Amino acid sequence: MVVGATGGELRFLDPAVIARIGSIELKARTIVEGFLAGLHRSPFKGFSVEFAEYRQYLLGDDLSTIDWKVYARSDRHYVKKFEEETNVDCHVLLDVSGSMGYGSTGGTKAEYASYLAAALAYLMNRQRDAVGFMAFDDDIVTHLAASARPGHLRSVLLELDQVKLGSRSNVAKPLHQLADALVKRGIVVLLSDLLDEPEQVIRGLRHLRFRGADVVVFQLLDHDELTFPFERVTRFRDLETADEVLAAPLEIRDHYLREINTLVSRYERELRLVGVDYHLVDTSKPLDFALMSYLSTRSRHQ
Amino acid sequence: MFGVSFLVPAFLVGLAAAAIPIVLHLLKRETAVRRAFAAVFLIKRTPVEQAARRRLREWILLALRVTALVLLALAFARPYLVDTTAQFGGVTVVALDRSFSMSSAGQFARARELAREAVNAAPAGDAVAVVAFDETATVVVQPSAGRPAALTAIEGVSAGAGATRYRVGLSRAAEVIGTRAGRIVIVTDLQRSGWGAEGQGVVPDRIPVTAVTVGSPAGNLAVTAVSGGPSGPRATILNGGDGSRLAQLTLLVDGVEVDRASVTVPAGVSAEVDFPVVLPRRGEASVVVEDDAGYPADNARYLLLAPPEPLEVAVVTAAGDAAAEAFFLHQALQVADAQGRLAIEPVAASRLAARLAEPGAAPAVVLVLTSRGLDRRGVAALDEFARAGGGVLLVAGPDLEPIMLGGLGGVGQPAPAAGDAAADRQLVPAGGRHPIFQALGERVGNLAQVRYARTRAIEPTDETRVLAWFSDGAAALVEQDLDSGRLLVFGSDLDDAWNDFPRHPMFVPFVHEMLRYLGGDRRARRELLVGDGPAARVEETGFMTLADGVSVAVNVNRAESDPTRMSVAQFDAAVAQARGAMAVSTSDAEGEQERDQGYWRYGLGLMALAFAAESLLGSRMG
């Protein structure tokens, strides 16, 4: 299912608008602030990074965590739980393979993915989660380990700003590498067009799930890739392999759409079975849905 | 080895058309949009051809289209194979004169010897062919590398009774050489009479002709003519030698010697000898001269004795009473009728169709004096009669209606049109060589004494020949060939109505000559020359019976009896003169070669296959 923004207040989540904003940091902030500004009706209202809950003191708790004001009023010992205790490691995996360089509506899938990654990183950082970043094509191009340090977000955003498109994609490889490296359960967000061998991709994601990670997959596809609107006889050149195919789009459109729908359906079906949040994103649509999906997963992780 | 040549190379310009599909192909290639795309592997899964495969098919399509157009151009250019090896080596053709002027004692043996020498002297790489010729030419040996076949064939050639025709021999030799390189060695006595104006053969400039001369006899006596007459037969003797000779003549009738005579004939001239013998009305007569040194074939001349058959003439008048309706003309015809030269038959115009339809009794000539009573059937019958070989004389006098004549189904093509004139005018022959006027001899000038008060205007066409004009410029006597027959139209009256011609002494002979000319071909020929023949070529002198039962005397061509020679330089000059129109002859040879091979048919067939394959492949590609 493809979901997009509907409210006029979300215009700052429009990728075309975002593309015109200067730095990646500013873009991320704009996206998140715009997103949060529209959350007044959101079920995530009240989610706080400063205070979570009170609980009764138990033997062994740090005495410094006892809220003495509550004790003065109620004569009972309660321990104040802060948000730092609920922080998780969030890993943003960005596909920078050649196929992500396609874009028909002003920006490429890679640009859209980088905006989304930046926004997610910004949002994670705002929630005091540790943010990790990995860019990959057929190998890992950039990897920043998850960290909640104040300056880490800037590093992530800097990397995002400097990421270049690579060659062929091999989504499964970084997934396996990350799963092997996970030392703590966390959230893994995969941003990719997943135009790869589904079997391998799903196996990699299953590996992550096996290691206890909550996985959110955003399959980013261009509007052209979803609708195949071409009409004239076209010689299609593969962005990754440079293979060429001469085809009459009007004649092959139905077959192509069946193929892409089959691919999407397979990802959706099989990933759901392994507990992965799968979301198909039309890169011509605003980014709010992607952020919403992340927060939904984040809430389940509590 | 063979090379390819073209009969109509101009059509090779059509090869440029092969560029059309190439240009279209390139333009079409540019129309395909190039687009980078991420999900190409999904497109590849569709049942559409991949680019490489489609490109291959496109190239095959292009190749088929180009091939088809190239084949079309080549087919129209009419290709044919030529033997390049032979072209390199060349062909030597030995043309051997076999006319009877080569038949004197030892003459042809010498000719064979010279021919053999020519064969042996041919360049080592050349093929050699042998052609024997007189009035016709025969390829005795086709071009071959080996010499024995040519040498053997030369032994088999002998002198005949035909006359020399250099053009025929050289032309045939040139055809044998064809488009290849080659040379002609002609072995002949260089007889001057061999370069007659007739004959269409010529030699291309590129083929050298070398004359090898055979000596002529010291002299030749020939009987060149024999005629029967009331006082006995007369023979004409030609002395072709350098000095006077005594000719001993023998007259034979039905193989039996009847008389002898002798005459001294000066060098280079003819003499006539009369035999005081009354010949029988029917039989076979011949005059033989004793001449051991000259040509045997012209030592005898043959004469078939048979009474002259009258020329049957149907005179068409309105009522069929020529004596009353055409008095003067009837009187003129009666003169010949009485002598048995003409058989006059008056016919009413209304009965003409029935008369001409009578089987086996058609007249030789129909003389039409009137169109009154001549219905459409009569006109159609007259047309059919003329086209079947009959002669028709239309007298465009007062009784012949121009409109009626105009509808004579072609017979009346030069029919008199309206526009009678009333003025004194004379008849002037267009030329004295026409048989009608030639027969009148010196008397032809007397025709100018006739005064024509009225005439019919006859409009000559491309198919007619004007034999005589009136002094005012109008056509007076017009001739037209109608298939096998002949039509004469006289542009005035012949019965003293529009002119005073019947009262002139030239009237009777003029009318007789017109009728004789019209009926001449219808009378059976009594003499043929060697080389003539209605069906098959006559080869030998003497008497023979033709397929239709008619007996004829067969004699040699008298021109061949004249041994006057040319010099080699004169012969070469004559050959050079004959080289003019050789392109036609070469084209004919090439055309014949191309027609025999007929590769253009295969070209068109392959072109059709290429187009069919192109259509099939194109439809599969969509």
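Answer with yes or no whether A:Ala247 is in contact with a Phe, Trp or Tyr (Cβ under 8 Å, 6 or more places away or on another chain) and within 13 Å of chain B (Cβ to nearest Cβ).
Spelling it out, A:Ala247 is indeed in contact with a Phe, Trp or Tyr (Cβ under 8 Å, 6 or more places away or on another chain) and within 13 Å of chain B (Cβ to nearest Cβ).
Within the set of pairs 6+ apart or on separate chains, which have a first residue in the stretch B:608-620 that is of a type outside the set (Gly, Ala, Ser), a second that is open to solvent by 80 Å² or more (accessible area, probe 1.4 Å), and C-beta atoms under 9 Å apart?
These pairs meet every condition: B:Phe611/B:Arg65; B:Glu614/B:Arg65.
Could you tell me whether any residue of the stretch A:172-182 is touching a residue at least 24 places away in the same chain (Cβ under 8 Å), under 22 Å from A:Tyr112 (Cα atoms) and within 13 Å of another protein chain (Cβ to nearest Cβ)?
No; the residues of the stretch A:172-182 include none that is touching a residue at least 24 places away in the same chain (Cβ under 8 Å), under 22 Å from A:Tyr112 (Cα atoms) and within 13 Å of another protein chain (Cβ to nearest Cβ).
Can you name the helices (runs of 4 or more DSSP H) wholly within the stretch A:8-119 that have at least 2 residues being at pLDDT 65 or above and surrounded by fewer than 21 Cβ atoms within 10 Å (Cβ to Cβ)?
A:24-37, A:68-74
Cβ-Cβ distance below 7 Å, separation of 6 or more or different chains: which pairs start in the stretch A:243-257 with a residue that is closer than 13 Å to B:Phe41 by Cα and end on one that is part of a loop (DSSP other than H, G, I, E, B) and among the small types (Gly, Ala, Ser)?
Taking only residues 6 or more apart or on different chains, the pairs are A:Leu246/B:Ala32.
Mind listing whichever residues of the stretch B:268-289 are open to solvent by 30 Å² or more (accessible area, probe 1.4 Å) and touching a Phe, Trp or Tyr at 6+ places or on another chain (Cβ under 7 Å)?
B:Glu284
Determine which member of the set B:Val347, B:Val395, B:Val368 is open to solvent by less than 50 Å² (accessible area, probe 1.4 Å), in contact with a Phe, Trp or Tyr (Cβ under 7 Å, 6 or more places away or on another chain) and at pLDDT 85 or above.
B:Val395
B:Ala105 - would you say it is closer than 26 Å to B:Ser193 by Cα and open to solvent by less than 10 Å² (accessible area, probe 1.4 Å)?
no
I'm checking my understanding of the structure. Among residues of the stretch A:184-198 that are more than 14 Å from the chain's Cα centre (by Cα) and more than 21 Å from A:Leu226 (Cα to Cα), which one is most open to solvent (accessible area, probe 1.4 Å)?
Step by step, filter the stretch A:184-198, then rank; the result is A:Arg185.
Which number in (1) more than 14 Å from chain B (Cβ to nearest Cβ); (2) free of Cβ contacts under 8 Å to residues at least 60 places away in the same chain marks the one condition that A:Ala110 misses?
Tallying (1) more than 14 Å from chain B (Cβ to nearest Cβ); (2) free of Cβ contacts under 8 Å to residues at least 60 places away in the same chain, A:Ala110 fails exactly one: (1).
Out of the residues in the stretch A:226-244 that are within 23 Å of A:Leu165 (Cα to Cα) and not in a loop (DSSP other than H, G, I, E, B), which is farthest from the other protein chains (Cβ to nearest Cβ)?
Among those that are within 23 Å of A:Leu165 (Cα to Cα) and not in a loop (DSSP other than H, G, I, E, B), it is A:Leu226.
So, in the stretch A:216-225, of the ones that are part of a helix (DSSP H, G or I) and within 9 Å of another protein chain (Cβ to nearest Cβ), which residue ends up nearest to A:Arg206 (Cα to Cα)?
Only one residue tops the list, namely A:Glu225.
When the stretch B:23-40 is examined, which residues are found to be open to solvent by less than 70 Å² (accessible area, probe 1.4 Å) and either modelled with pLDDT under 75 or within 7 Å of chain A (Cβ to nearest Cβ) (or both)?
Within the stretch B:23-40, B:Ala32, B:Val33, B:Ala36, B:Phe37, B:Ala38, B:Ala39, B:Val40 qualify.
Tally up the residues in the stretch A:135-159 that are part of a helix (DSSP H, G or I) and crowded, with 16+ Cβ neighbours inside 10 Å, please.
5
What single numbered condition from (1) under 23 Å from A:Tyr112 (Cα atoms); (2) assigned to a helix (DSSP H, G or I); (3) within 14 Å of chain B (Cβ to nearest Cβ) fails to hold for A:Arg258?
(1)
Can you name the strands (runs of 3 or more DSSP E) wholly within the stretch B:136-225 that have at least 2 residues being within 17 Å of B:Asp97 (Cα to Cα) and within 22 Å of the chain's Cα centre (by Cα)?
Those strands (runs of 3 or more DSSP E) span B:137-144.
The values are calculated or read from the model by the stated rules, or taken from the named source; none is laboratory data. Remember, predicted model here, so these are calculated numbers, not experimental data. Ideal geometry is used to build each Cβ from the backbone, glycine not excepted, and the neighbour counts take in all protein chains shown. For accessibility, only protein heavy atoms count, side chains too; no ligands or nucleic acids. Shrake-Rupley method; radii C 1.70, N 1.55, O 1.52, S 1.80 Å.
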